[in-house]
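K.L.:
First the structure, which I've put down as C-alpha coordinates, then a few questions once you've had a look.
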Amino acid sequence: MSFLSERDPFKVGLVALVLGGLVAGGVVLLSTLSFGTTTYTAVLEHTAGLRAGEDVQVHGVSVGEVRSVELGEDDVEVRFTVDSAIQLGEATTAEVKVATLLGNHYLEVDPQGAGSLAHATIPLEQTAVPYNLQDVLEQGTSSLDQLDPDLLARALTATSDALGASGEEVGPALQGIAQLSDVISARSTQTGRLLRAARGVSDQLNAGSQDLFALMRSANLVIEEVVNRREAIHQLLVETRGLADALDQIVAQTRGDLDPALRDLNTALASLRTQDRQLQDVLVQMAPAVRYVANATGNGPYLDLFLNSPALPADDANCALRNCR
(Lines give C-alpha, C1' and ligand atoms only; values in the text may rest on other atoms or scores of the structure.)
Protein backbone atom coordinates (compact mmCIF):
# COMPACT_ATOMS: atom_id res chain seq x y z
CA MET A 1 0.00 0.00 0.00
CA SER A 2 1.41 3.47 -1.01
CA PHE A 3 1.89 6.47 1.26
CA LEU A 4 -0.94 8.47 -0.37
CA SER A 5 -3.47 5.67 0.05
CA GLU A 6 -2.71 5.65 3.80
CA ARG A 7 -3.82 9.30 4.26
CA ASP A 8 -7.21 10.15 5.69
CA PRO A 9 -9.30 11.99 2.99
CA PHE A 10 -11.01 14.08 5.65
CA LYS A 11 -7.71 15.36 7.04
CA VAL A 12 -6.39 16.07 3.54
CA GLY A 13 -9.52 18.07 2.70
CA LEU A 14 -9.32 19.98 5.99
CA VAL A 15 -5.67 20.88 5.37
CA ALA A 16 -6.54 21.99 1.81
CA LEU A 17 -9.34 24.22 3.13
CA VAL A 18 -7.03 25.79 5.71
CA LEU A 19 -4.32 26.46 3.11
CA GLY A 20 -6.91 27.92 0.72
CA GLY A 21 -8.19 30.20 3.46
CA LEU A 22 -4.65 31.34 4.28
CA VAL A 23 -3.92 32.09 0.61
CA ALA A 24 -7.19 34.02 0.24
CA GLY A 25 -6.48 35.98 3.43
CA GLY A 26 -2.95 36.77 2.19
CA VAL A 27 -4.31 38.01 -1.13
CA VAL A 28 -6.85 40.22 0.63
CA LEU A 29 -4.19 41.50 3.04
CA LEU A 30 -1.76 42.28 0.22
CA SER A 31 -4.49 44.12 -1.67
CA THR A 32 -5.19 46.34 1.34
CA LEU A 33 -1.57 47.01 2.29
CA SER A 34 0.28 49.94 0.68
CA PHE A 35 4.00 49.54 0.18
CA GLY A 36 5.99 52.78 0.22
CA THR A 37 2.95 54.79 1.38
CA THR A 38 1.46 55.95 4.67
CA THR A 39 -2.25 55.80 5.49
CA TYR A 40 -4.01 58.82 6.98
CA THR A 41 -7.59 59.77 7.82
CA ALA A 42 -9.35 63.03 7.01
CA VAL A 43 -12.58 64.03 8.74
CA LEU A 44 -14.95 65.82 6.32
CA GLU A 45 -18.28 67.55 6.84
CA HIS A 46 -19.70 65.46 3.99
CA THR A 47 -18.31 63.47 1.05
CA ALA A 48 -19.00 66.13 -1.61
CA GLY A 49 -19.04 63.28 -4.13
CA LEU A 50 -15.59 61.91 -3.23
CA ARG A 51 -15.30 58.16 -3.88
CA ALA A 52 -12.78 55.43 -3.11
CA GLY A 53 -10.11 55.05 -5.78
CA GLU A 54 -9.86 58.76 -6.64
CA ASP A 55 -6.55 60.62 -6.50
CA VAL A 56 -4.86 62.32 -3.60
CA GLN A 57 -2.77 65.29 -4.76
CA VAL A 58 -0.21 67.58 -3.19
CA HIS A 59 0.32 70.85 -5.07
CA GLY A 60 -1.30 69.35 -8.16
CA VAL A 61 0.83 66.15 -8.19
CA SER A 62 -0.78 62.75 -7.57
CA VAL A 63 0.82 61.19 -4.47
CA GLY A 64 -1.74 58.58 -3.40
CA GLU A 65 -5.38 57.54 -3.57
CA VAL A 66 -8.53 57.44 -1.51
CA ARG A 67 -8.95 53.97 0.04
CA SER A 68 -12.33 54.27 1.72
CA VAL A 69 -15.13 56.73 2.57
CA GLU A 70 -17.06 55.81 5.72
CA LEU A 71 -19.85 57.52 7.60
CA GLY A 72 -19.06 58.62 11.16
CA GLU A 73 -21.37 59.89 13.88
CA ASP A 74 -21.76 63.46 12.58
CA ASP A 75 -19.17 63.51 9.82
CA VAL A 76 -17.43 61.45 7.15
CA GLU A 77 -14.08 59.71 7.62
CA VAL A 78 -11.91 59.34 4.52
CA ARG A 79 -8.94 56.96 4.62
CA PHE A 80 -6.26 57.77 2.06
CA THR A 81 -2.63 56.97 1.33
CA VAL A 82 0.28 59.32 0.68
CA ASP A 83 3.87 58.59 -0.40
CA SER A 84 6.01 57.91 2.64
CA ALA A 85 8.51 60.56 1.52
CA ILE A 86 5.90 63.29 2.16
CA GLN A 87 5.70 64.41 5.80
CA LEU A 88 2.34 65.77 6.92
CA GLY A 89 2.72 68.29 9.75
CA GLU A 90 0.26 69.03 12.51
CA ALA A 91 -1.29 71.95 10.57
CA THR A 92 -1.90 69.95 7.37
CA THR A 93 -5.17 70.74 5.57
CA ALA A 94 -7.31 68.72 3.16
CA GLU A 95 -9.96 69.81 0.68
CA VAL A 96 -12.20 67.95 -1.75
CA LYS A 97 -11.99 69.48 -5.24
CA VAL A 98 -13.69 68.81 -8.56
CA ALA A 99 -11.28 67.37 -11.17
CA THR A 100 -13.42 67.33 -14.33
CA LEU A 101 -16.79 68.54 -15.56
CA LEU A 102 -18.02 64.94 -15.49
CA GLY A 103 -17.99 64.87 -11.70
CA ASN A 104 -14.60 63.35 -10.91
CA HIS A 105 -13.06 64.55 -7.66
CA TYR A 106 -9.74 64.42 -5.86
CA LEU A 107 -8.50 65.14 -2.36
CA GLU A 108 -6.07 68.08 -2.23
CA VAL A 109 -3.67 67.76 0.74
CA ASP A 110 -1.49 70.70 1.78
CA PRO A 111 1.34 69.67 4.18
CA GLN A 112 1.85 72.40 6.78
CA GLY A 113 3.30 72.80 10.25
CA ALA A 114 5.95 70.95 12.17
CA GLY A 115 5.87 67.52 13.76
CA SER A 116 3.28 65.00 12.61
CA LEU A 117 -0.49 64.59 12.62
CA ALA A 118 -1.98 63.42 15.87
CA HIS A 119 -3.33 59.89 15.40
CA ALA A 120 -2.56 60.31 11.64
CA THR A 121 -5.85 62.20 11.30
CA ILE A 122 -6.67 65.57 9.77
CA PRO A 123 -9.39 67.03 12.03
CA LEU A 124 -12.64 68.52 10.77
CA GLU A 125 -11.56 72.13 11.35
CA GLN A 126 -8.65 71.61 8.94
CA THR A 127 -10.71 70.19 6.06
CA ALA A 128 -13.01 71.78 3.50
CA VAL A 129 -15.52 70.65 0.88
CA PRO A 130 -16.46 72.43 -2.35
CA TYR A 131 -20.00 73.15 -1.24
CA ASN A 132 -22.47 72.68 1.62
CA LEU A 133 -26.10 72.37 0.61
CA GLN A 134 -27.42 73.64 3.92
CA ASP A 135 -25.22 76.74 3.76
CA VAL A 136 -26.27 77.35 0.18
CA LEU A 137 -29.95 77.14 1.12
CA GLU A 138 -29.54 79.39 4.14
CA GLN A 139 -27.54 81.99 2.21
CA GLY A 140 -29.81 81.83 -0.82
CA THR A 141 -33.15 82.13 0.99
CA SER A 142 -32.78 85.86 1.62
CA SER A 143 -31.73 86.42 -2.00
CA LEU A 144 -34.66 84.39 -3.33
CA ASP A 145 -37.11 86.46 -1.26
CA GLN A 146 -35.91 89.60 -3.06
CA LEU A 147 -36.54 88.18 -6.54
CA ASP A 148 -39.49 89.38 -8.64
CA PRO A 149 -41.37 86.20 -9.65
CA ASP A 150 -42.94 87.77 -12.76
CA LEU A 151 -39.56 89.08 -13.94
CA LEU A 152 -37.93 85.71 -13.17
CA ALA A 153 -40.64 83.88 -15.14
CA ARG A 154 -40.11 86.13 -18.16
CA ALA A 155 -36.33 85.65 -17.93
CA LEU A 156 -36.67 81.86 -17.77
CA THR A 157 -39.09 81.93 -20.70
CA ALA A 158 -36.65 83.98 -22.76
CA THR A 159 -33.81 81.61 -21.80
CA SER A 160 -35.91 78.58 -22.79
CA ASP A 161 -36.75 80.16 -26.15
CA ALA A 162 -33.06 80.97 -26.79
CA LEU A 163 -31.93 77.44 -25.92
CA GLY A 164 -34.69 75.96 -28.03
CA ALA A 165 -33.61 78.03 -31.02
CA SER A 166 -29.94 77.04 -30.56
CA GLY A 167 -30.52 73.40 -29.63
CA GLU A 168 -28.53 72.17 -32.61
CA GLU A 169 -25.43 74.08 -31.42
CA VAL A 170 -25.74 73.19 -27.71
CA GLY A 171 -25.54 69.43 -28.33
CA PRO A 172 -22.19 69.51 -30.21
CA ALA A 173 -20.83 71.97 -27.63
CA LEU A 174 -21.61 69.55 -24.80
CA GLN A 175 -20.07 66.69 -26.80
CA GLY A 176 -16.92 68.77 -27.30
CA ILE A 177 -16.74 69.42 -23.57
CA ALA A 178 -17.08 65.68 -22.91
CA GLN A 179 -14.31 64.88 -25.40
CA LEU A 180 -12.07 67.52 -23.82
CA SER A 181 -12.67 65.96 -20.41
CA ASP A 182 -11.73 62.54 -21.79
CA VAL A 183 -8.51 63.92 -23.25
CA ILE A 184 -7.58 65.58 -19.95
CA SER A 185 -8.32 62.35 -18.06
CA ALA A 186 -6.24 60.27 -20.53
CA ARG A 187 -3.30 62.67 -20.29
CA SER A 188 -3.37 62.86 -16.49
CA THR A 189 0.01 61.06 -16.22
CA GLN A 190 1.69 63.49 -18.60
CA THR A 191 0.03 66.39 -16.82
CA GLY A 192 1.38 65.08 -13.52
CA ARG A 193 4.93 64.89 -14.93
CA LEU A 194 4.57 68.41 -16.28
CA LEU A 195 3.41 69.70 -12.91
CA ARG A 196 6.29 67.93 -11.15
CA ALA A 197 8.76 69.51 -13.57
CA ALA A 198 7.16 72.91 -12.99
CA ARG A 199 7.39 72.33 -9.24
CA GLY A 200 11.12 71.53 -9.65
CA VAL A 201 11.67 74.77 -11.54
CA SER A 202 9.80 76.76 -8.89
CA ASP A 203 11.85 75.06 -6.14
CA GLN A 204 15.08 76.01 -7.92
CA LEU A 205 13.91 79.60 -8.30
CA ASN A 206 12.92 79.65 -4.64
CA ALA A 207 16.32 78.24 -3.63
CA GLY A 208 18.10 80.92 -5.67
CA SER A 209 15.84 83.78 -4.57
CA GLN A 210 18.45 85.12 -2.14
CA ASP A 211 21.05 85.25 -4.92
CA LEU A 212 18.54 86.97 -7.21
CA PHE A 213 17.75 89.56 -4.53
CA ALA A 214 21.48 90.17 -3.94
CA LEU A 215 21.99 90.58 -7.70
CA MET A 216 19.13 93.05 -7.88
CA ARG A 217 20.55 95.05 -4.98
CA SER A 218 23.96 95.10 -6.68
CA ALA A 219 22.30 96.24 -9.91
CA ASN A 220 20.68 99.09 -7.99
CA LEU A 221 24.09 100.15 -6.66
CA VAL A 222 25.56 100.04 -10.18
CA ILE A 223 22.68 102.14 -11.53
CA GLU A 224 23.13 104.70 -8.74
CA GLU A 225 26.87 104.90 -9.46
CA VAL A 226 26.21 105.34 -13.20
CA VAL A 227 23.75 108.15 -12.45
CA ASN A 228 26.32 109.84 -10.19
CA ARG A 229 29.03 109.49 -12.83
CA ARG A 230 26.62 110.79 -15.47
CA GLU A 231 26.10 113.95 -13.46
CA ALA A 232 29.90 114.35 -13.07
CA ILE A 233 30.47 113.82 -16.81
CA HIS A 234 27.73 116.32 -17.60
CA GLN A 235 29.35 118.89 -15.32
CA LEU A 236 32.75 118.20 -16.95
CA LEU A 237 31.28 118.74 -20.42
CA VAL A 238 29.67 121.99 -19.31
CA GLU A 239 32.97 123.26 -17.89
CA THR A 240 34.86 122.10 -21.01
CA ARG A 241 32.42 124.04 -23.18
CA GLY A 242 33.02 127.12 -21.03
CA LEU A 243 36.79 126.67 -21.38
CA ALA A 244 36.48 126.36 -25.17
CA ASP A 245 34.41 129.55 -25.31
CA ALA A 246 37.02 131.37 -23.19
CA LEU A 247 39.87 130.16 -25.42
CA ASP A 248 37.91 131.24 -28.48
CA GLN A 249 37.53 134.72 -27.01
CA ILE A 250 41.24 134.88 -26.12
CA VAL A 251 42.24 133.86 -29.67
CA ALA A 252 39.84 136.44 -31.13
CA GLN A 253 41.26 139.16 -28.89
CA THR A 254 44.95 138.34 -29.53
CA ARG A 255 44.71 137.51 -33.23
CA GLY A 256 45.98 140.98 -34.18
CA ASP A 257 49.11 140.50 -32.03
CA LEU A 258 49.68 136.86 -32.95
CA ASP A 259 49.78 137.40 -36.76
CA PRO A 260 53.00 139.54 -36.74
CA ALA A 261 54.56 137.19 -34.18
CA LEU A 262 53.81 134.19 -36.37
CA ARG A 263 55.27 135.94 -39.44
CA ASP A 264 58.45 136.77 -37.50
CA LEU A 265 58.58 133.17 -36.30
CA ASN A 266 58.39 131.88 -39.88
CA THR A 267 61.23 134.28 -40.86
CA ALA A 268 63.35 133.04 -37.95
CA LEU A 269 62.71 129.43 -38.91
CA ALA A 270 63.75 130.14 -42.53
CA SER A 271 66.99 131.78 -41.29
CA LEU A 272 67.71 128.81 -39.02
CA ARG A 273 67.21 126.39 -41.92
CA THR A 274 69.72 128.44 -44.04
CA GLN A 275 72.29 128.39 -41.23
CA ASP A 276 71.72 124.67 -40.73
CA ARG A 277 72.58 124.04 -44.37
CA GLN A 278 75.73 126.21 -44.08
CA LEU A 279 76.83 124.31 -40.97
CA GLN A 280 76.34 121.02 -42.80
CA ASP A 281 78.55 122.30 -45.64
CA VAL A 282 81.25 123.37 -43.12
CA LEU A 283 81.23 119.92 -41.55
CA VAL A 284 81.57 118.28 -44.96
CA GLN A 285 84.54 120.53 -45.87
CA MET A 286 86.23 120.06 -42.48
CA ALA A 287 86.04 116.26 -42.57
CA PRO A 288 89.23 115.65 -44.71
CA ALA A 289 91.27 118.23 -42.75
CA VAL A 290 90.29 116.72 -39.43
CA ARG A 291 91.15 113.27 -40.77
CA TYR A 292 94.62 114.43 -41.80
CA VAL A 293 95.25 116.03 -38.41
CA ALA A 294 94.09 112.84 -36.67
CA ASN A 295 96.37 110.70 -38.84
CA ALA A 296 99.37 113.04 -38.27
CA THR A 297 98.97 113.11 -34.48
CA GLY A 298 97.81 109.53 -34.03
CA ASN A 299 101.30 108.09 -33.21
CA GLY A 300 101.98 110.35 -30.24
CA PRO A 301 102.11 113.92 -28.95
CA TYR A 302 103.86 115.15 -32.08
CA LEU A 303 103.08 115.82 -35.74
CA ASP A 304 104.21 113.48 -38.51
CA LEU A 305 104.94 115.08 -41.91
CA PHE A 306 105.23 113.16 -45.15
CA LEU A 307 106.27 114.34 -48.54
CA ASN A 308 104.18 112.98 -51.33
CA SER A 309 105.80 112.02 -54.56
CA PRO A 310 105.02 114.34 -57.47
CA ALA A 311 103.90 111.30 -59.42
CA LEU A 312 101.16 110.53 -56.95
CA PRO A 313 97.82 112.30 -57.34
CA ALA A 314 96.60 114.53 -54.62
CA ASP A 315 93.79 113.51 -52.20
CA ASP A 316 91.31 115.66 -54.07
CA ALA A 317 92.19 113.85 -57.25
CA ASN A 318 91.88 110.50 -55.51
CA CYS A 319 88.46 111.46 -54.25
CA ALA A 320 87.54 112.55 -57.73
CA LEU A 321 88.59 109.09 -58.90
CA ARG A 322 86.32 107.54 -56.22
CA ASN A 323 89.33 106.37 -54.19
CA CYS A 324 88.74 108.41 -51.01
CA ARG A 325 90.23 107.02 -47.83
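K.L.:
Determine how large the accessible area of Met286 is when every protein chain is in place; take a 1.4 Å probe and give Å² rounded to the nearest 10.
P.N.:
Near enough 100 Å² of accessible area.
K.L.:
Where Lys and Arg each count +1 and Asp and Glu each count -1, what net charge lies around Arg79 among other residues with Cβ under 15 Å from its Cβ?
P.N.:
Net charge around Arg79: -4.
K.L.:
A follow-up question, please. Over the heavy atoms of Lys97, what accessible area does a 1.4 Å probe trace out, to the nearest 10 Å²?
P.N.:
Near enough 70 Å² of accessible area.
K.L.:
A further question follows. Which loop GluC sites (Glu not before Pro) in the range 146-233, with loop taken from DSSP, have no more than 16 other Cβ atoms within 10 angstrom of their Cβ?
P.N.:
Hits after loop and neighbour filter: nothing returned.
K.L.:
Report the label-to-label distance for Thr100 and Gln210 in nanometres (one decimal), using points 7 Å from each Cα along the Cα→Cβ vector.
P.N.:
4.5
K.L.:
Report the local net charge at Asn266: Lys and Arg +1, Asp and Glu -1, summed over other residues whose C-beta lies under 12 Å from its C-beta.
P.N.:
Summing Lys/Arg as +1 and Asp/Glu as -1 gives 0.
K.L.:
Follow-up question, since we're still on this one. Keeping all protein chains in place and using 1.4 angstrom, which order do Asp150, Asp75 fall into by accessible surface area, from largest down?
P.N.:
My answer, sorted largest first, is Asp150, Asp75.
K.L.:
So how far, in whole Å, is the C-alpha centre of the range 72-102 from the one of the range 157-207?
P.N.:
Using only Cα atoms, the two centres lie 24 Å from each other.
K.L.:
Then there's this: Could you state the accessible area per residue of the range 85-132 in Å², with a 1.4 Å probe and every protein chain left in place?
P.N.:
It amounts to 53 Å² per residue over the range 85-132.
K.L.:
Can you pull out the GluC sites (Glu not before Pro) in the range 58-107 whose DSSP state is coil and whose Cβ has at most 15 other Cβ atoms within 10 Å?
P.N.:
Filter output for the range 58-107: Glu73, Glu90.
K.L.:
Using a 1.4 Å probe, how large is the accessible area of Ile184, given in Å² and rounded to the nearest 10?
P.N.:
Number for this one is 90 Å².
K.L.:
Can you tally the net charge around Ala155? Count Lys and Arg as +1, Asp and Glu as -1, for every other residue whose Cβ sits under 13 Å from the Cβ of Ala155.
P.N.:
Every neighbour counted, the sum reads -2.
K.L.:
Can you sort Phe213, Phe80 by solvent-accessible area, 1.4 Å probe, largest first?
P.N.:
The residues order as Phe213, Phe80, largest area first.
K.L.:
Give the ranking of His59, His105 by solvent-accessible surface, highest area first, calculated with a 1.4 Å probe.
P.N.:
Order by accessible area, largest first: His59, His105.
The values are calculated or read from the model by the stated rules, or taken from the named source; none is laboratory data. Computed from a prediction, not measured in an experiment: that's the story for all the values here. So basically every Cβ, Gly included, is an ideal-geometry build from the backbone, and we count neighbours across all protein chains shown. When the accessible area is computed, the model is the full protein with side chains, heavy atoms only, and any ligands, DNA or RNA have been set aside. Shrake-Rupley method; radii C 1.70, N 1.55, O 1.52, S 1.80 Å.
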